[in-house]
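The values are calculated or read from the model by the stated rules, or taken from the named source; none is laboratory data. Since this is a predicted model, take the numbers as computed values, not measurements. Cβ atoms come from the backbone with ideal geometry, glycine included; neighbour counts cover every protein chain shown.
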């Protein structure tokens with residue numbers, strides 16, 4: 001498989017594009033140029049794997065890069081730069097302002113992400129309940145490595161709080177998946193049909209979750 005190395009900006013970030021053996025260099029360059037925005041977004045996302053949680057590092061929140069900024073004193077965490085709204089795709093990452101000591105920064109960031117994940121999960125549950133009529137008996141969030149969510153026979157749903165780093169559409173898919181288990185404790189055609197009534201593009205979101213899984217598990221320390 002032929003490979004082409006492309007160099008971007010002054011920070012010397014490198015992207016490797018590959019294609020079939022008969023692909024021309026011109027074709028590979030064209031492919032990279034056509035997907036430049038996507039390539040840059042993936043570079044931003046993978047930084048979460050290598051950045052320690054601290055002042056100035058970057059994490060993912062709702063699929064968007066967010067820069068951490070430590071502030072003295074107490075007061076929890078809050079979003080700066082206008083918050084999570086539609087203008088987030090204008091280039092520069094927003095900031096998560098965290099009141100913590102240097103040593104306490106990782107714990108404070110994790111608690112903030114868990115709180116936001118809880119709120120996001122409840123929001124998705126409320127929206128999907130209006131579509132499906134399904135509501136769990138209880139909701140808990142944990143830091144699991146083997147699965148993104150689960151549903152017990154008595155209607156209790158568990159979700160990974162690390163889903164807060166994913167695009168909201170992915171988070172919504174996982175919630176829909178577990179809600180569907182309230183009616184079908186299997187992965188039968190009937191189960192997937194129910195998921196599709198809540199999230200028509202569930203196949204796309206499931207695929208995206210598999211691709212981003214490693215990054216999401218590392219996100220937030």
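So which residues in segment 163-198 are closer than 17 Å to residue 212 by Cβ and in contact with a strand residue (DSSP E or B) (Cβ under 9 Å, 6 or more places away or on another chain)?
163, 164, 165, 166, 167, 171, 174, 175, 177
Residue 71: modelled with pLDDT of 90 or more and over 21 Å from residue 169 (Cα atoms), yes or no?
Working: modelled with pLDDT of 90 or more: yes; over 21 Å from residue 169 (Cα atoms): yes.
Against the criterion (modelled with pLDDT of 90 or more and over 21 Å from residue 169 (Cα atoms)), residue 71 qualifies.
If you check 130, 166, 117, 137 for being loosely packed, with under 13 Cβ neighbours inside 10 Å and more than 18 Å from residue 196 (Cα to Cα), only one passes: 137. When residues in segment 172-191 are screened for being outside any loop (DSSP other than H, G, I, E, B), in contact with a helix residue (DSSP H, G or I) (Cβ under 9 Å, 6 or more places away or on another chain) and in contact (Cβ under 8 Å) with a residue 12 or more places away in the chain, 8 of them pass.
Quick one: would you say residue 97 is more than 25 Å from residue 174 (Cβ to Cβ), touching a strand residue (DSSP E or B) at 6+ places or on another chain (Cβ under 6 Å), at pLDDT 65 or above and not assigned by TED's automatic domain parsing to the domain that holds residue 213? So that I can check it myself, show each step before the final result.
Numbers: more than 25 Å from residue 174 (Cβ to Cβ): yes; touching a strand residue (DSSP E or B) at 6+ places or on another chain (Cβ under 6 Å): yes; at pLDDT 65 or above: yes; not assigned by TED's automatic domain parsing to the domain that holds residue 213: yes.
So residue 97 fits the description; yes.
Here residue 109 meets each of (1) farther than 16 Å from residue 80 by Cβ; (2) in contact (Cβ under 8 Å) with a residue 12 or more places away in the chain; (3) part of a helix (DSSP H, G or I) with one exception, condition (1).
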